Each structure stands twice: as structure tokens, then as C-alpha cells.
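**Student:** Before I ask anything, here is the structure I am working with.
Taken together, the values in this text are just the output of simple stated rules run on the coordinates, not laboratory data. Here the structure is a predicted model, which means the values were calculated and not measured. FYI the Cβ positions are ideal-geometry reconstructions off the backbone, even for glycines, and counts take in every protein chain you see.
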Amino acid sequence: AQLVRLEDYRPSDFLIDRVELDVRLHPTMTKVTATLSMRPNPAGRSDVPLVLDGDEVNLKAIALDERVLEVGEFEASPQSLVISQPPQQPFRLTIETEIDPTANTKLMGLYRSSGNYCTQCEAEGFRRITYFLDRPDVLAVYTTRIEAERVEAPVLLGNGNPVESGAVEGTGRHYAIWHDPFPKPSYLFALVGGRLGRVAKPFTTMSGRKVEIAVYVEPGKEHRADYALDALERSMIWDEKVFGREYDLDVFNIVAVSDFNMGAMENKGLNIFNDKYVLASPETATDTDYANIEAIIAHEYFHNWSGNRVTCRDWFQLCLKEGLTVFRDQEFSSDERSRPVHRIAEVKTLRARQFLEDSSPLSHPVRPSQYREINNFYTATVYEKGAEIVRMLKTIIGDEDFRRGMDLYYESCDGTAATVEDFLKAFADVTGRDLSHFSHWYAQSGTPRVNVHGHYDEAAKTYRIDFKQQIPPTPGQPTKEPMVIPVVLGLVSQDGQPMQAACERVSTRGVFLLDKAEDSITFTGVSSRPVPSVFRGFSAPVKVSLDLSSEELLVLLRHDTDAFNRWQAAQTVAMRMLVSLSTGVAVRDEEMNSLASAFCSFMDRDALSDPAFAALVLTLPSEADIAQEIGKDVDPDAIHRARKEVRRHIGRACFEHLTDFYRTLAETEAYSPDAASAGRRALRNAALDLLTAADQQAGEKLASEQFETASNMTDRLASLGVLMTIPGMVRENAIGDFEQRYRNEPLVLDKWFTLQAAIPEDTTLDRVKRLMEHPAFSINNPNRVRSLIGSFAMLNQVQFNRKDGAGYALLASIVLRADELNPQLASRLLTAFSTWKMMESTRRSHARRALQSIAQKPNLSRDVGDIVNRSLE
Ligand code: HT7
Ligand code: ZN
């Protein structure tokens, strides 16, 4: 496949000002007539052919300025439409195409989901509907007429505002016309036609405009959309209050569909969602589901400004909308919930997904410089690391200047297709700072490692901290420049008091900017040896090596004013122990006991004052986290044993506290998804997990009772998760009971698939194969595939990475099967191989062979071909 390069960008030779679309929906023969008002682009080349993009479209007719073009005047293939001598002044091009939405298993362009019609156009799906200049810097005003059988599709939705609707005389058909006054790129186009239920409410914007906001779902499930609608309303209020951004159309519609490649899509005025991120009831959704729904509803809504009003010039600028919008949704969730707890959750995800990606063969910069398949760049790096860059910028310039910079960015770039440079310029303009060094974060891949060494001078009462940064080589980038790294820090005395020492290199907000490979700062007036608390709030996406002893870290766990670093301290102590045990390094009993007693005293003193935070402290680093920390010659079985041992030890040492928590935190009131209630459930279920690690029999009894009596999905699923770790009839009966209870609930059965796929036992491979034959499983549905196969590959460290290679072989065969239907889905599954190079040699050889078996297959999609080749490099 052809390599697309950032440096080759040039403006389009033609522009499209207006698009009139007439879409006549039909299950297999949908007719699309597109009338494009076009003109040569003054910034483009002149006297060049007009080349429109297509993808599996079938051309029926073409006319230029109402004159039908003859064969010879144009050249059409399913991939492109070329007019060799287009007019040199404005013209109208009318193109009629026919497409088959039922046969569209790629879920890109116009397709059917549960009989409903819907579209997905980002990144390059519009060209699967009609021939077009399908690139984000071509902005047009769209008017869409949608027509369908009334019985098949009583609801017809488009972008923008509704203009007109009615019957098509003498037929069973009807139509609706939508007009979107805001110029937009084709990737933001959407339409929906189907039988859908609706919940709605009026919203008044800050300037007093009336908007109707609505969520459409499968009929009968309307009550499960209430939480999503409420989250939307809260998002709209928050964006007005925090960023001064107001909604701009008369309606805002969200539609939930059950077949969807990603989480959701921010089409202008018509967001389309994976139903997993809309539908929620206490009986079917967990606390995590509720939190995800809130975050994704907010994310897509926030795109209305960061993405739609200001869009991207080209796909290399993807982080411009995605990183910024993730930052915005993170801030929203932090304001709506607990900021420190949310920050820890964000960092856990960043490390698990982005750090992993950045240390793998798939590592790439937040703004890549080249791609073969853009769908493969909707990654944790672009999204999550992209958000961290925005957060660092805010840390460096401060809250007020950040808001002023954002306002300037929106004002100066509204209605345009912008670049990362435009974004940074707004902040440079409002602060007068030179941000060119900072911009390395967009261009250099790899996670920097920062070594931190402290030296206390007792006589001089000074404390010096030496910093050293290194950025590992990554594909295409053997050497790097030092980055600008904001280090938020403070000193804590050995008895836990904050120390007010002075250092001119540290700003009043507690920020030191590390912008060289090595640097040192010195605090004066330090009365006793301090414990440094660095990278508070995880102020930069870096790995930190600290020379602190476990005792010093436990001082931080107990006393640091920064909640993130309290959690981090416990994680670091536990991680050191887990790595030692996993790699055959002896751990002294005293070390294990001191960690356990720190946990016990934490539970004693602090845990109940913030249960959500306590649940995070009591959860050890995952097996995947430990593997990443070890980094090479990884033996997943040894890691699994080590983690089990440490959990058992802590469980036994803190048994009484845990039992006490389990009892006192039992739910007495009706379920509510709010953060405080969710936190209590999280702590109680973390206690159940540790109790079970300490005493399997007692744990099994408690978990069975909880499973049977639970009043909500969070508690039922957590107890089933605990039962999954104990082989035997109790577990198998619970699995059967759950299946029966939720047999008509696809989203709940997904959870059931996931739990079974994650069982760390040899029989799981056969179980997964059996489940693929289950009537609820379908290789065509991304949620089903991700819940069974994705979970097996991403969550089950020991069984996916089996020493006999059978886990790799299974994934390879499924990737090849999925690739024939849905390349995006297949290539995402394939990224589970990104850890293969860090495994020990036997597993490594099996993985290489599995990857080679994929690479050798003829007719691979561009998506899978790209990932497999980069993985093998
Ligand atoms: N902007 C969207 C990204 C996207 C996508 C969504 C659904 C299906 C295919 C897709 N390809 C790219 C989602 C977002 O980040 O908001
Ligand atoms: Zn997004």
C-alpha cells in the first residue's frame, strides 16, 4: 500500500462549496444522487484533472453543469472518478451512484445495523457513499434529502436542522430534508433511517437559544437512554461554563446502534454511538459502564467545537481534535466525579495502553509523519498521549493563560481546517512564549525515562535533585532531542509534614521545567532529610526511576498531600516486589510484611474516608503492567504466580480489615451510579478479591451469596469475576445461571464472554473456541468479537501467551477470518501482538511464526497488512 507523508501535503486543487444529496434508502440498492457545487482552488494547481475518491461505489450516471457526460469524458473505477478536463470556473457536478448497505460488513460508509440504516464516514467512509474529494480540508455546506419506506424507516435523521418532511405521494415512502449551515468535511456527514425509540428534552443555551436534545435507541429500551441524555445535558452546561462554548444548531441527536467499529462518532448534530456507550440500567450496566457512557457522550459532544467547528487540515493532525477532546472529556469527568481518583484511572489506562504501544514495534509520534492506513492511527498515542500534551501545556502556562489560549484558538480557527502549529500559536500568542521546543512532544515517539536522584547536605541544609532524561529509540527515530518536561514537585519530611523549602527554579505553582538531558535543582533551608514527591498528579507522561527506599515511599503513601503520588508510592513498592518475585529474585519476609502492614494501616486510617481511592490503592499492578515493567524475556506464568502470592499475603495480613469493609460497605440503599456510591462498591469488591486470595473457600462462599443476591450489575459481575478464579462446579453453575438470566441481553452477554475468556487456565482456549459457536456470538459484530476474542488476547496474559503458541495461533486464525469481513476490527485485534518482542524466546518464536502466517496470506486488507508488517519489523 502507498505511503502517505505529512511533508507531501498540498491543498486540494478543487473545492466543494455546497453538496446536495438525495439518498433513496433501499436494503440492497440504495440510490445516491450528489450534486456538488465546485470550483478550482486558487491555492491549488491549475489545469489538472479532477480526481474524486471512491471505494466500492457503483457509478450510474454523471453530469457536468446539467449536461450528461459521455464515456470518454470521464474515467470511473470503484476507487476513483477522473474528469480529465474540468472547467476552470465554478461548476456543478451531479453524480448518481448505487450502493448495497446490507452487504457492507466493513461498517464504513452506509450500512445496516439490526435492520436500521446508518453511516460512518471518518476517516474515509464518505467515498463509499459517493465519489468525493474525501479529505478533511474540503469543507462544504450540506443539504440532505433522505427517502425510505415508511414502515422500514419511520425515523429519518441527518446533519444540521430539520427543514421539511412528508409523504412521497402514491407510494409507501416518505422523506425528510436536513440542512447543515456549518461548512464541514465529508467525514462529519451522517444519516440514519430506521425504527427507533426516543427520549428528549429541551435545552436552553447560555445565550438563550432553544435546542431540542434527543437520544434514539432500539424501541423498548428508551428508559435505558435516560442516563445518556442526562450526561449530554451536563456536558453542554459544562462546556459553556468551563470553555465558554455554546451549542450552535436547533437540534442535537444521538443514535445508538449495535454494530459499530469504535465507541462513537461526532457527526455534526447527529452523533452515532455504539449502543454499549448509551444504554444503561442498574440491572445491565456496571459503574464502569456508567462512567464510560458519561465520558464518551461528553467527548463526542465536545467535538462540536474541538473537531467540527475547528477541524483538521489532514489526518496527520488527528491529535489536534482527538488529544484535545480527550483532555476536555477528562476534565469534565474530573469535575463531575473525584479529580484524584479520575486522574489515577487516566494514568492507569495511559500506561496500560499508550506506554505499551510506545515500547512496541507500533510506536509512533502523537503526530505521525507517515501512514499507510489512517484507520490504524486512531491509537492510544494519538488520543491519550495527545491529551497529556495538552495537560502539560496547561501545567506550564497556568490555568488562566490556558483558557485565554483556547479562546484565541477557537476564535482564530473557527470554520477552518487547522494544524498543530495553529493550536500552539494561539498559546504562544497569548503568553509570548516560544513553544517550539515544547512541540517535540508531537514529533518524537517513545516514552521518556526520567531518573531522579536526591542529595541532602546536612551541614548546608540544602537538598539537590539531579534529573536525567532519556528517550529510547523507536521505529524510524534512533536518536532524540531532550523534551520539555514539567515536573510538579514538593518535599515531605520523614515524619510526613509538607516542607516549605525554597528553590528559584521551581515556580510558585510548584513546577520545575526540565528541558535538558540533565539538570539539577537545589532547595535551601531544608531542616532535615526530605522525601521528594515528584511528578505530582502525573505531571508528564514519562517513566520515573526514583532512588527512594520502600520506607520513604511508604511515608508518601501515608502523608503526601498529592493523592496521585500516595497511590503511586504504594504501586511502586508493590511493583518492586512483584518484579523480584516474577524474575526469581528472592524477597525477604520482612519486605513482604512491611508492605502488608502498610496496607493494613492504610485501611485502618484512611480507606473509608475515600473508598474509591482506597480501592485503587488496594489493587496491585496488573499482570500486563508487571510484564511491561520487566520489559524483556517475560514469563507470564511466573508473573501470574507472583501476583497471586502477593495478593494472598496481603489478604491474610489484612483479613480482619477486609472482612470488616466487606460487611460495613454492603449496599443498603437503591442503586445509584454516582461516584461516591460506585467508590463504596469498588472498595467492597476489592476487599472480596483480596479475601478470596487469602481464603479461597471463604471467598467462594461470599462471592456466591453476592452473586445470587446482588441488586445491580456491578456487584453481580464483580462476584462472578471472583468465582471465575476458582475452578469447580460453583463457578460453572454461576456461568450457566448468568447465561440464562441475560440470554436476551447482548451487551450483558458480552461481559459473560469477557469473564470466561480471561480465565487463566489451560482449558480456556477450548472454552473460547466453544463460545465462538454460541448463538449470541457473531464474527460480524465488533462488540461480540472484542468481548470474546479481544479479551482473550488483551486480558488473559497466561493463556494468550501460552508456551505452546496455541493462543497466538488462535488469534491469527480469527484475525484472518475477520479481515475478510471487517478489516478495521481485524487490525485492532491484531495489535494484541504488540507485546510479542518482550516475551521469552519460546513464546517469541511462536508469536513470530503466527505473525508470519498472517503476513504470507494473499489479499490482506491494507489495515491488517500494515499492522502485521510493522509488528514484524
Ligand atoms: N472521531 C471518531 C473516530 C473514528 C471512528 C468512530 C467510529 C467508527 C470508526 C471510526 N474511525 C474513527 C471517534 C472519536 O474519537 O470521537
Ligand atoms: Zn474523538
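**Student:** Which links in Lys348/Lys425; Lys210/Lys241; Lys321/Lys516 stretch past 25 Å when you go from one Cα to the other?
**Tutor:** Lys348/Lys425; Lys321/Lys516
**Student:** May I pose another question? Please give the length that would be gained between Asp47 and Asp637 if that part of the chain were fully extended, namely 0.36 nm times their separation in residues minus their C-alpha to C-alpha distance (nm, one decimal).
**Tutor:** Fully extending the segment from Asp47 to Asp637 adds 205.9 nm.
**Student:** With the alpha-carbon atoms as the only input, what is the per residue convex hull volume for region 65-139 in Å³? Before the final figure, lay out the partial values.
**Tutor:** Numbers: hull volume 9.2 nm³, N = 75.
Hull volume normalised by residue count: 123 Å³.
**Student:** Hey, what do the phi angles of region 437-453 turn into as Karplus ³J(HN,Hα) couplings, whole Hz, using 6.51/-1.76/1.60 and θ = phi - 60°, x for Gly and Pro?
**Tutor:** 5, 4, 5, 4, 4, 7, 9, 9, 8, x, 8, x, 10, 10, 8, 10, 10
**Student:** If you don't mind, there's one more thing I want to ask. Under the classification rounded if a/c is under 1.5, otherwise prolate if a/b is larger than b/c and oblate if not, where does region 742-873 fall, given a ≥ b ≥ c as square roots of the Cα gyration tensor eigenvalues?
**Tutor:** On the way: a/c = 2.24, a/b = 1.30, b/c = 1.73.
In terms of gyration-tensor shape, oblate.
**Student:** Ok, one more. Using amide H atoms built 1.01 Å from N in the peptide plane, name the residues 5+ places from Gln477, or on other chains, whose amide H lies under 5 Å from its own.
**Tutor:** Long-range HN contacts for Gln477: none found.
**Student:** Once the convex hull of the alpha carbons of region 449-540 is built, what does its volume come to per residue, in cubic angstrom?
**Tutor:** Dividing the Cα hull volume of region 449-540 by its residue count gives 96 Å³.
**Student:** Check the straight Cα-Cα distances from Lys857 and name the lysines below 29 Å, setting aside those fewer than 8 residues away within the same chain.
**Tutor:** Of all the lysines, those that pass the test against Lys857 - Cα under 29 Å, at least 8 places apart if same chain - are Lys106, Lys769, Lys803, Lys837.
**Student:** Principal axis lengths of the chain from Cα atoms, whole Å, largest first?
**Tutor:** Between the extreme Cα coordinates on each principal axis of the chain lie 88, 65, 58 Å.
**Student:** Follow-up question, since we're still on this one. Which Cα, out of Pro472, Val141, Thr33, lies furthest along the positive dipole direction of the chain (beta carbon charges, K/R +1, D/E -1)?
**Tutor:** Pro472
**Student:** Can you put Asp589, Asp22 in order, fewest other beta carbons within 10 Å first?
**Tutor:** By the 10 Å Cβ count, ascending: Asp589, Asp22.
**Student:** Same structure again: Set Lys and Arg Cβ to +1 and Asp and Glu Cβ to -1, take the dipole of the chain about its Cα centre, and tell me which of Ser520, Ala653, Thr94 lies farthest positive.
**Tutor:** The listed residue farthest towards the positive side: Ala653.
**Student:** Which value results for Rg/Rh of region 548-694 when Rg is the Cα radius of gyration and Rh the Kirkwood radius based on the inverse mean 1/r?
**Tutor:** Computed over Cα atoms, the ratio is 0.98.
**Student:** On a 0 to 90 degree scale, rounded to 10, what angle separates helix 563-582 from the longest Cα axis of the chain?
**Tutor:** Taking Cα atoms only, the helix is inclined about 80 degrees.
**Student:** Expressed in nm to one decimal, what extension gain is obtained for the pair Val242 and Arg464 from 0.36 nm per residue of sequence separation less their Cα-Cα distance?
**Tutor:** Value of the extension gain: 76.1 nm.
**Student:** Towards the positive end of the charge dipole of the chain, with charges on Cβ (+1 Lys, Arg; -1 Asp, Glu), say which of Ile867, Ala614, Leu270 has the farthest Cα.
**Tutor:** Result: Ile867.
**Student:** Show me, for region 496-503, the HN-Hα J-couplings you get by feeding each phi into the Karplus relation (A = 6.51, B = -1.76, C = 1.60, θ = phi - 60°), rounded to Hz, glycine and proline as x.
**Tutor:** Along region 496-503, the couplings run x, 8, x, 9, 9, 7, 9, 8 Hz.
**Student:** Sticking with this one: Counting only residues 5 or more places away or on other chains, whose amide H sits under 5 Å from the amide H of Asn41 once H atoms are built in the peptide plane?
**Tutor:** Amide H neighbours of Asn41, under 5 Å, 5+ apart: Phe14, Leu15.
**Student:** Counting Lys and Arg as +1 and Asp and Glu as -1, each charge on the Cβ, what is the dipole of region 4-195 about the Cα centre in debye, to the nearest 20?
**Tutor:** Computed about the Cα centre, the dipole is about 400 debye.
**Student:** What is the local net charge at Asn161, summed over the other residues whose Cβ is closer than 11 Å to its Cβ (Lys, Arg +1; Asp, Glu -1)?
**Tutor:** Every neighbour counted, the sum reads -4.
**Student:** May I pose another question? Just rank Asp230, Asp275, fewest to most, by other beta-carbon atoms within 10 angstrom.
**Tutor:** Asp230, Asp275
**Student:** Also: Given charges of +1 on the Cβ of Lys and Arg and -1 on the Cβ of Asp and Glu, with all other atoms neutral, how large is the dipole of the chain about its Cα centre, in debye to the nearest 20?
**Tutor:** Around 1180 debye, computed over the chain.
**Student:** How would you rank Asp750, Asp457, going from fewest to most other Cβ atoms within 10 Å of each one's own Cβ?
**Tutor:** In order of increasing Cβ crowding within 10 Å: Asp457, Asp750.
**Student:** What size of dipole, in debye to the nearest 20, comes out for region 331-378 about its Cα centre when the only charges are +1 on Lys and Arg C-beta atoms and -1 on Asp and Glu C-beta atoms?
**Tutor:** In debye, rounded to 20, region 331-378 gives about 120.
**Student:** Please report, in cubic angstrom per residue, the volume enclosed by the convex hull of the alpha-carbon atoms of region 4-195.
**Tutor:** On the way: hull volume 23.6 nm³, N = 192.
For region 4-195, the hull spanned by Cα atoms encloses 123 Å³ per residue.
**Student:** For the Cα atoms of the chain, what angle does the longest principal axis make with the long axis of helix 746-757, in degrees from 0 to 90, nearest 10?
**Tutor:** 40 degrees
**Student:** Taking 60 Å as R0, compute the FRET efficiency from the Cβ-Cβ separation of Gln852 and Glu591 and round it to 0.05. Could the numbers behind the result be given before it?
**Tutor:** Details: r = 43 Å, r/R0 = 0.72.
Given R0 = 60 Å and the Cβ-Cβ separation, E is 0.90.
**Student:** Shifting gears a bit: Could you state the angle between the C-alpha long axis of helix 386-397 and the longest principal axis of the C-alpha atoms of the chain, as a value from 0 to 90 degrees rounded to the nearest 10?
**Tutor:** Long axis of 386-397 versus the principal axis of the chain: about 70 degrees.
**Student:** May I ask you to evaluate 6.51 cos²θ - 1.76 cosθ + 1.60, the Karplus curve with θ = phi - 60°, for each residue of region 356-365 and list the ³J(HN,Hα) values in order in whole Hz, giving x for glycine and proline?
**Tutor:** So the J values, rounded to whole Hz, are 4, 4, 6, 9, 10, x, 8, 4, 8, x.
**Student:** Right, next: Can you list the residues, at least 5 places off or on another chain, whose amide H is less than 5 Å from the amide H of Gly537, using H built in the peptide plane?
**Tutor:** Amide H neighbours of Gly537, under 5 Å, 5+ apart: Phe564, Asn565.
**Student:** List the aspartates and glutamates whose Cα sits under 12 Å from the Cα of Lys468, skipping any in the same chain fewer than 8 residues away.
**Tutor:** Those aspartates and glutamates meeting the cut-off are Asp515, Glu518, Asp519.
**Student:** Gain in length, Asp226 to Arg844, computed as 0.36 nm per residue apart minus the alpha-carbon separation, to one decimal in nm?
**Tutor:** So the extension gain works out to 217.7 nm.
**Student:** Now for a different question. Using Cα positions and a limit of under 18 Å, work out the aspartates and glutamates in reach of Lys60, with same-chain residues fewer than 8 apart set aside.
**Tutor:** Within the straight-line limit of under 18 Å, Lys60 reaches these aspartates and glutamates: Glu20, Asp22, Glu70, Glu73, Glu75, Glu96, Glu98, Asp100.
**Student:** For every helix of n ≥ 4 consecutive DSSP H residues, a contribution of -39,500 (n - 2.57) applies; sum these over the chain, divide by its total residues, and give [θ] at 222 nm rounded to the nearest 500 deg cm²/dmol. Kindly include the intermediate steps, with their values, before the conclusion.
**Tutor:** Working: 28 runs with 338 residues, N = 873.
Taken over the chain, the calculation gives -12000 deg cm²/dmol.
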